[in-house]
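These notes are about the structure you will find just below.
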Amino acid sequence: MEIQTNDDVTLRDIRQEDIADYIRWETVETEWQLWDAPWLYEGRTLEQCERELKEYIEKLGRWVSEASEYSDSSIRSRFEIDYQGEHVGSCASYLIDSDCNILDGCDTTSLGRAIGICVFDPQYRRHGIATAALTGLIDYLKAHGSQRIFTQTWSGNERMIALAQKLGFKEYQRKDGIRKVRGSTYDGLTFELMR
């Protein structure tokens, strides 16, 4: 499945060849880790990094296998992002509970779906890619029954906060001081789409 969000940005299912991009983004072009849940990457040992990379590659392989089984009517929770035919990132959605914590699986008591995005290479930022991709994901989720849509970030990620506000999200919940990033303390933020 492919969703053309504008002339330059396409959302699509993951492919086998995308795994090489993810390996590069996890091992060489890692600047994005400073912004996308950076607390997960700080202080890891070399052994932890190697083990987590191996597990991640296995997970990516499962995602590719699952995506190859999808029909056009299968509901997707994640898409790869192509910009002018180049694989540049991904966007996804997940369920959250009433306290804005991530839920595993399909829970009928969820508050709604939260969405997230990562454009991995800095050279592809500030081209409207994230705006187009998240708009496409929001439209897709609404067309498939999502009533409430959220996004989550941390108070130090000013670009994501600005993007959320640009797309019509308003702050829904703030968890004070729950994120430690590069020696400083930040708030966890959840925004709800109001449009």
Query raised in the report: Which pairs have Cβ atoms under 8 Å, sit 6 or more apart or on different chains, and link a residue in the stretch 48-61 that is of a type in the set (V, I, T) to one that is assigned to a helix (DSSP H, G or I)?
Result: I57/I19; I57/Y22; I57/I23
Report task. Please work out which one of (1) among the β-branched types (V, I, T); (2) in contact (Cβ under 8 Å) with a residue 40 or more places away in the chain; (3) under 25 Å from I19 (Cα atoms) is the condition V181 fails and give its number. Result -> (3)
**Report entry** Output for the stretch 1-38, where each listed residue is of a type in the set (S, T, N, Q), touching a residue at least 40 places away in the same chain (Cβ under 8 Å) and assigned to a loop (DSSP other than H, G, I, E, B)
**Finding:** T5, N6, Q16
Requested in this report: Test R44 against the stated conditions and say whether it is without any contact (Cβ under 8 Å) to a residue 12 or more places away in the chain and either assigned to a helix (DSSP H, G or I) or open to solvent by less than 40 Å² (accessible area, probe 1.4 Å) (or both).
Outcome: no
Requested in this report: Would you mind telling me which numbered condition in (1) at positive phi; (2) touching a strand residue (DSSP E or B) at 6+ places or on another chain (Cβ under 9 Å) F169 fails?
Outcome: (1)
Requested in this report: Sort out which residues of the stretch 97-120 are touching a residue at least 24 places away in the same chain (Cβ under 8 Å), of a type outside the set (F, W, Y) and touching a Phe, Trp or Tyr at 6+ places or on another chain (Cβ under 8 Å), and write them in order of number.
Outcome: C100, L111, G112, R113, A114, I115, G116, C118, V119
**Report entry** Failed item, numbered, when T30 is tested on (1) exposed (fewer than 11 other Cβ atoms within 10 Å of the Cβ); (2) among the hydroxyl-bearing types (S, T, Y); (3) closer than 26 Å to R179 by Cα
**Finding:** (1)
**Report entry** Which listed residue, of T27, T5, is modelled with pLDDT under 95, of a type in the set (S, T, N, Q) and closer than 26 Å to I138 by Cβ
**Finding:** T5
Query raised in the report: Between residues in the stretch 127-153 that are under 24 Å from R174 (Cα atoms) and buried (at least 21 other Cβ atoms within 10 Å of the Cβ) and residues that are acidic (D, E) and at pLDDT below 95, which pairs lie under 8 Å by C-beta distance while being six or more apart or on different chains?
Result: none
Report task. Only one of these is hydroxyl-bearing (S, T, Y) and over 29 Å from Q4 (Cα atoms): T153, T135, T185. Name it. Result -> T185
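The values are calculated or read from the model by the stated rules, or taken from the named source; none is laboratory data. In this text, all values refer to a predicted model and were calculated from it rather than measured experimentally. Note that we place each Cβ from the backbone using ideal geometry, even for glycine, and neighbour counts take in every protein chain shown. To get the accessible areas, we keep the full protein, side chains included, count just its heavy atoms, and leave off ligands, DNA and RNA. Shrake-Rupley method; radii C 1.70, N 1.55, O 1.52, S 1.80 Å.
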